[in-house]
Amino acid sequence: MPRSSNAPRIRGVFLRTLLLLGLLPAQLLAGLKGELPGQIDEASGLTRSIQHEGLYWTHNDNINLPASNRSGPPILFAVLADGKLVGQITLANTRKRDWEAITHAYWNGKPVLLVGDIGDNRETHPDYRILLVEEPDQFHPSMTVPVLGQIRFRYPDRSQDAEAMVYDREADRILIMTKRREKPMLYELPLEPTGDRIIEAVPVTELEGFKPRDPVTWLLNPLIGPFAHQPTGMDISPDQREMAVLTYSTVYRFSREEGEPWGHALKRRPRSISLPRLDQWEGIAYAADGRSLIVVREGKGENILVLPLRD
C-alpha cells in the first residue's frame, strides 16, 4: 500500500508532540549528523581505529542489488565521526562477497582489522570467512595492503545470514549474531587464521530478539517491517562492560559484570535508544572514550550519526 502524502506532516506532528511532552530521548535530540562521501553508499560496518584516535573504519557490502552475487572492490575507508573521508586501503589479492561487519583486535602483537564476509541474504553459502588486515600506523589517501590471513567457518546446523560481529577482548573470541530468525543466535570463533581449513562456529546462546521497548519507536516508525528489529551490528565498549546491539530502529545497550560472559549478559533487559527513523542502520562503534556511539546506514544523505551517552 503506498505511503500517504500526509505522512511527513503527520510524523512532524508526532515529533513536536513528543518533544513538548519530553518523551523524545535526549540522545536522539542531541545526535550530531553527518554525511559519508559518495563512494560509501552501502555502509555496512563500523569500528574505531586502534591507533588513530577519532578515526573509524567502514566499508560497503557488495553492490546496490539485493542478494547479488556480484562483488565490488575490497576497500576499507577511514572516516571521521562527521563522515569526512581521511583515506582508504584496498585489500590485495582478495575478492569480496558480502562484507557486513568489521571489528578490531590485537593479533600476534599487531593491531588488526577483522572484516566479516558473513552476509548471506538467501542463506545458501556453504561457508563464510573473516579477513585479518593489519591496520596501517601511517597511511596515504589510498594504498594497498596484504591480507594477513582468514578464518573460514560454517554454522553447525545450516547456512545463515549475519551482519553483527565484534571481538570480545576478555574472552579472546570473535562473536557473531545471526539475522533473519525470530530469535537470533550468538556464536563464537577463536581469533586464529585457519587458511583454507573450515571450522565450525560454536553456539553460545539463543536470544529472545530485539523488540522495541518504548512507544517512541512505534510512533516514529509506524510501518515497521519484518526485519526492522533484527541485529545489524554490534560493538563492545572500550572498558569491556557494555555491548551495543544495532537494529534498523533502535540501539540496545547491555551491561555485564566483571568476568561475566556475554551469553549471560545478553539475557538481561537492556536500555535502548530510538534512532531518528526506521532505516538501514548497519554499523555501530563506540568512541574511544566510551562516551558516545557512532552509527552509519546504507544510502546517501545524512548517513552517519553520533549519539552521546549520558549514563
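Values in this text are rule-based calculations from the coordinates and carry no lab data. Just so we're clear, the structure is a prediction, and the values are computed from it rather than from any experiment. Note that each Cβ is placed from the backbone with ideal geometry, even for glycine, and that neighbours are counted across all protein chains shown.
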Multiply the residue gap between R158 and E53 by 0.36 nm, knock off their C-alpha separation, and tell me the result in nm, one decimal place.
33.8 nm
In this structure, the FRET efficiency calculated for K183 and S255 from their beta-carbon separation, with R0 = 30 Å, to the nearest 0.05, is 0.90
Taking only C-alpha pairs under 8 Å that are 6+ residues apart, what is the relative contact order of region 224-310 in percent?
24
List the lysines whose Cα sits under 24 Å from the Cα of K267, skipping any in the same chain fewer than 8 residues away.
K179, K183, K211
Mean-position separation - Cα centroids, region 97-120 and region 135-151, in angstrom:
12
If R0 = 51 Å, then K211 and L85, at their Cβ-Cβ distance, give a FRET efficiency to the nearest 0.05 of 0.90
Pairwise FRET efficiency - E192 versus Q138, Cβ, R0 = 25 Å, nearest 0.05:
0.35
Just to check, using Stokes-Einstein with a Kirkwood Rh over alpha carbon pairs, what's the diffusion coefficient of region 232-276 at 4 °C and 1.567 mPa s in µm²/s?
120
Formal net charge of residues neighbouring E188 (Cβ-Cβ distance under 12 Å; K, R +1; D, E -1):
-2
Label T124 and A288 with points 7 Å out from Cα along Cα→Cβ: what is the distance between them in nm?
4.4
